[in-house]
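Derivation of every value follows stated rules applied to the coordinates shown; laboratory data play no part. Computed from a predicted structure; not experimentally measured. Here the Cβ is made from the backbone with ideal geometry for all residues, glycine too, and neighbour counts use every protein chain on show.
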Amino acid sequence: MKGSGTHEYKAVGIDVYSAVQGQSVFLNTSYGRVHVLVSGDTSKPACVTYHEVGVNSRTCFQGFFSASEPKKSLLLKSFCFYHVDFPGCEGEDVAGQGDAVNSCDSLTLEQASIQVGEAMKQLNIKKALGMGVGAGAYILCKAAIAFPASFSGLVLLSPCCQKATWWEYAFGKMLLNSLWYHGWNSKFAHRHLYERLFSSKVVEADGYGVSDLLFTFNQEVEKIDPKAIARYLQAVLRRQDILKEMKRLKSHVLLFSCMDSIYNKETLEMNLKLDHSKSDYIEVFDSGTLVTEQLPQETLGPIDQFVKLLHQRGLCR
């Protein structure tokens, strides 16, 4: 299904500081159509993001952008953001515009990474900073390995990098069936998504959406097609070990390990395999995988310092 995007786009002046918003673009790739939300001034360098399973780009990064100070944040001042969604996860406000769910029932994370590289080429992005959370970080790692000239740096927030453990697979299959057959009517689906995304402190205290964080999360996540999340989850549960491929990763890396994430041990293993002359490692305590929503302020300073380092080395300009 190769081809050009279905929509023309031009530079936009969207305020990216208070929410993840922008112009929706649907692009044809070898593995089906993919949705990209273009947010900011396209004359600036590109920052390509990818979200964790269970959310979309808006739900994954809205808290992060809301917590950023536009006048101080080097990241916000320096980049135009291209938020890539796993097919079908773009949300009800744009669902149907590009029929993005086509033929993605068996899409793998590796194929999703090829979608990213092909989308970047169609958008004329020659080099980008990548920022991914959880499985989204896995996808951007694979994209950076497959398209080494396309990424100058990667911000990886609690990435997975090994095969799913037996317990993740078992509970994941239960979640997958709940999403597929019962959608958002399933209390189990909500509960298990909490456990995948947030720290145990949040889940144990407010497991059924009492807190502001989970109440807002419920409102946003229910705008996403549950079957699309099930497809993404299916790909995540079938992921392959990519630790041996870390030697092929040429990009500079800022790695965040969220200590209460289901991917914590995998992130620690990835840190051991990275080239430490081109990588930095940050630990975030009391946060699950979705640190961009739970504790976004813990990531802002290190990311700005990382962008400053890339600028000093002549990258991402």
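Numbers at a glance
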item: Residue order, fewest to most surrounding Cβ atoms within 10 angstrom, among Ser43, Ser200; result: Ser43, Ser200
item: Value of relative contact order over the chain, rounded to a whole percent, pairs C-alpha under 8 Å and six or more apart; result: 21 percent
item: Candidate aspartates and glutamates for bridging to Lys44, where Cα separation is under 19 Å - those fewer than 8 sequence places away on the same chain excluded; result: Glu8, Asp15, Glu69, Asp304
item: Label point distance in nm, Glu69-Asp212, each placed 7 Å from Cα along Cα→Cβ; result: 1.9 nm
item: Hydrodynamic radius by Kirkwood, which averages 1/r over all alpha carbon pairs of the chain, in angstrom; result: 19.1 Å
item: Cα-projected label distance for Lys223 with Thr165, points at 7 Å along beta-carbon direction, nm; result: 3.4 nm
item: Whole-angstrom gap from the range 246-317 to the range 127-170, using each part's C-alpha centre; result: 11 Å
item: Proximal aspartates and glutamates to Lys142, defined as alpha-carbon separation beneath 12 angstrom and excluding residues fewer than eight positions away on the same chain; result: Glu110, Asp241, Glu245
item: Percent antiparallel among DSSP beta bridges (both partners in the chain, rounded to 5); result: 30 percent
item: Cβ-based exposure ranking for Val116, Val202, Val34, in which fewest neighbours within 10 Å come first; result: Val202, Val34, Val116
item: Distance histogram in 10 Å bins (all Cα pairs of the range 140-191, percent per bin); result: 21, 28, 27, 21, 2
item: Taking Val203, Val55, Val155 and counting other C-beta atoms within 10 Å, the order from fewest to most; result: Val203, Val155, Val55
item: Lys173/Lys244 FRET efficiency (R0 25 Å; Cβ-Cβ; nearest 0.05); result: 0.40
item: The range 150-227 - percent relative contact order, Cα under 8 Å, separation 6 or more; result: 26 percent
